Amino acid sequence: MEPAPPAAADLESIFRDHHAMVFRAAYRVTGSASDAEDVLQTVFLRMLKRDPEAQPVVSISSFLHRAAVNAAVDLVRSRQNIRNIPLDEFEPVLAESSHRGPDRALASGEIRDWLRVALARLNPRIAEMFALRFFEGKENPEIAALLNTTPGTVAVTLSRTRDRLEKEYRAYQGGVA
């Protein structure tokens with residue numbers, strides 16, 4: 001369910017309360033501040049243009065978070081010309097501290113770029129689950145609630161997606177896929 005367009009004053013209040021969260025979610029997916037700003041604008045413009053007959057959502061925060069992730073994935077998907085970069089050990093790189101040496105910083109940036117491109121090739125719902133789990137750090141039950149599915153479905157989907165990405169990585173490296 002999507003929210004009906006709020007009045008200008010309501011939209012301003014919603015923007016003040018949630019813009020930072022929308023920006024952070026978009027930034028984690030896109031890796032770019034300017035792209036995250038574009039996503040931020042897109043999300044709130046879409047809210048402004050919603051059909052007046054649309055039913056409001058229970059949680060505007062959850063709606064905006066999902067909208068940010070989806071818009072960011074769409075943006076990354078539209079940029080398919082980025083080169084492929086290895087995926088090895090992407091979980092530790094995504095979670096590691098920003099205090100690291102130049103070699104590691106460059107490698108983690110390349111891995112993030114590769115992962116964004118790989119994410120853009122996935123089904124949008126699967127990409128959203130993956131981004132919520134590995135970019136946003138959300139747990140399976142929380143993802144399930146956001147996407148109106150079961151934690152088991154989320155766990156299976158994420159496991160299969162991870163296996164698929166590892167297989168793509170091996171193929172990219174010239175190994176047996």
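No lab work stands behind these numbers, since they all come straight from the coordinates. Note that this is a predicted model, so its numbers are computed, not measured. Glycine gets a Cβ as well: all are built from the backbone with ideal geometry, and neighbour counts include every protein chain shown.
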Neighbour-count order for GLU139, GLU128, fewest beta carbons within 10 angstrom listed first: GLU139, GLU128
Relative contact order (percent, whole number), the range 1-79, Cα cutoff 8 Å, 6+ residue spacing: 48 percent
Neighbourhood net charge (12 Å Cβ-Cβ; Lys/Arg +1, Asp/Glu -1) for LEU147: +2
Neighbour-count order for LEU45, LEU119, fewest beta carbons within 10 angstrom listed first: LEU45, LEU119
Charge dipole magnitude, Cβ of K and R +1, D and E -1 - the range 1-79, Cα centre, debye nearest 20: 280 debye
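Can you put ASP51, ASP35 in order of Cβ neighbours within 10 angstrom, beginning with the fewest?
On the way: ASP51 9, ASP35 18.
With the fewest neighbours first, ASP51, ASP35 line up as ASP51, ASP35.
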